[in-house]
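*Asks:* Dumping the structure here so I can ask a few things about it.
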Amino acid sequence: MNDLSLNWRPNFGTVYTWYAMDKFGRISQMVNNGWGDIPHSVLAINNVEFLLNSLTEYFWGESRTFHSTTEDKQGEFMIDLYDYWLTGRHTLNRQHLREKLIYNYGLHDETTKPSQDIHVVTHKGLFIYHAVEGTTEGEDYPVGYEKPTKMGDYFRYLVPTAYCSIEDIPFELRGVIAVSTTIDFTVDRLLENSNINIFFKNPQ
């Protein structure tokens, strides 16, 4: 069942992941956490949910159709902002979160496969943005960001040290990536949900 279309609206329930490219060609994974909007330019694509799932499988190394021909980025990850609702209310600071990610995701042990989030950042070079979630406005916010935020706003969660580019992605899947001519993922830490269709007007 393909639920994504121009009639789709954010709501509590299914979490969708879409992908974006900034004005310098860097790629980010955008996790809507139920409340983040998806650009109309992406929603208008025929069979968009299948294509997004295919792109996710490609980045995770689970695709049976598309196999990476690019070198492992062999990068590191940095934590920028993080979700209060899931971590901050448990008094987990950035250093503790990093230690937890490294331990839980096996980066201390080369025989252990890291989580998909850490994998796509360190090996594939993706940024990761998460949308502010919660059950009521103000219950959740990105820790480390000083200005007010609203549910659905996308905040920069994980930052790579080596970057993915459009050339790293199979040609057949590039058209589902939303493109911005104004956003710079190395600078812009928060993307207001209300402006998502201004930031990302056209797919690749």
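All of the numbers you see were taken from the coordinates with simple rules; none came from a lab. Just so we're clear, the structure is a prediction, and the values are computed from it rather than from any experiment. Virtual Cβ from ideal backbone geometry, glycine too; neighbours counted across all protein chains shown.
*Asks:* Taking the Cα centre of region 113-161 as the origin, how large is its charge dipole in debye, to the nearest 20, when only Lys and Arg (+1) and Asp and Glu (-1) carry charge on their Cβ atoms?
*Replies:* In total the dipole reaches around 360 debye.
*Asks:* Could you order the peptides 157-165, 180-188 from most to least packed, using the average number of other C-beta atoms within 10 Å per residue?
*Replies:* 157-165, 180-188
*Asks:* Next question. Classify region 17-203 as rounded, prolate or oblate from the Cα gyration tensor: take a ≥ b ≥ c as the square roots of its eigenvalues, call it rounded if a/c is under 1.5, otherwise prolate when a/b beats b/c and oblate if not.
*Replies:* oblate
*Asks:* Over the chain, what is the relative contact order in whole percent, taking alpha-carbon pairs under 8 Å and six or more residues apart?
*Replies:* 31
*Asks:* Moving to a separate point now. If the elastic network links every pair of Cα atoms under 10 Å, which of PRO39, PRO170, PRO148 fluctuates the most in the Gaussian network model of the chain?
*Replies:* Greatest mean-square fluctuation among the candidates belongs to PRO148.
*Asks:* I want the antiparallel fraction of DSSP beta bridges within the chain, as a percent rounded to 5.
*Replies:* 75
*Asks:* Just grab the label-to-label distance for GLU146 and GLN74, each label 7 Å out from Cα along the Cβ direction, in nm (one decimal).
*Replies:* 3.9
*Asks:* With θ taken as phi - 60° and the coefficients 6.51, -1.76 and 1.60, list the Karplus ³J(HN,Hα) couplings across region 156-163 in order, rounded to whole Hz; mark glycine and proline as x.
*Replies:* Couplings: 6, 9, 10, 10, x, 9, 10, 9 Hz.
*Asks:* Here is a follow-up. What list of ³J(HN,Hα) values in whole Hz, one per residue of region 6-12 in order, does the Karplus curve 6.51 cos²θ - 1.76 cosθ + 1.60 (θ = phi - 60°) give from phi, with Gly and Pro shown as x?
*Replies:* Rounded to whole hertz, the list is 5, 8, 5, 9, x, 6, 5.
*Asks:* Work out the length of the dipole vector of the chain about its Cα centre, built from +1 on the beta-carbon of each Lys and Arg and -1 on the beta-carbon of each Asp and Glu, and round it to the nearest 20 debye.
*Replies:* Here the chain has a charge dipole of around 180 debye.
*Asks:* Divide by every residue of the chain the summed helix terms, -39500 (n - 2.57) for each DSSP H run of at least 4, and state the resulting mean residue ellipticity at 222 nm, rounded to the nearest 500 deg cm²/dmol. If you can, show how the numbers build up before the last one.
*Replies:* Details: 5 runs with 39 residues, N = 204.
When only DSSP H runs of four or more count, the value is -5000 deg cm²/dmol.
*Asks:* Counting other beta carbons within 10 Å of each residue's own, what order do ARG189, ARG156, ARG98 fall into, fewest first?
*Replies:* Sorted ascending by nearby Cβ count, the order is ARG98, ARG189, ARG156.
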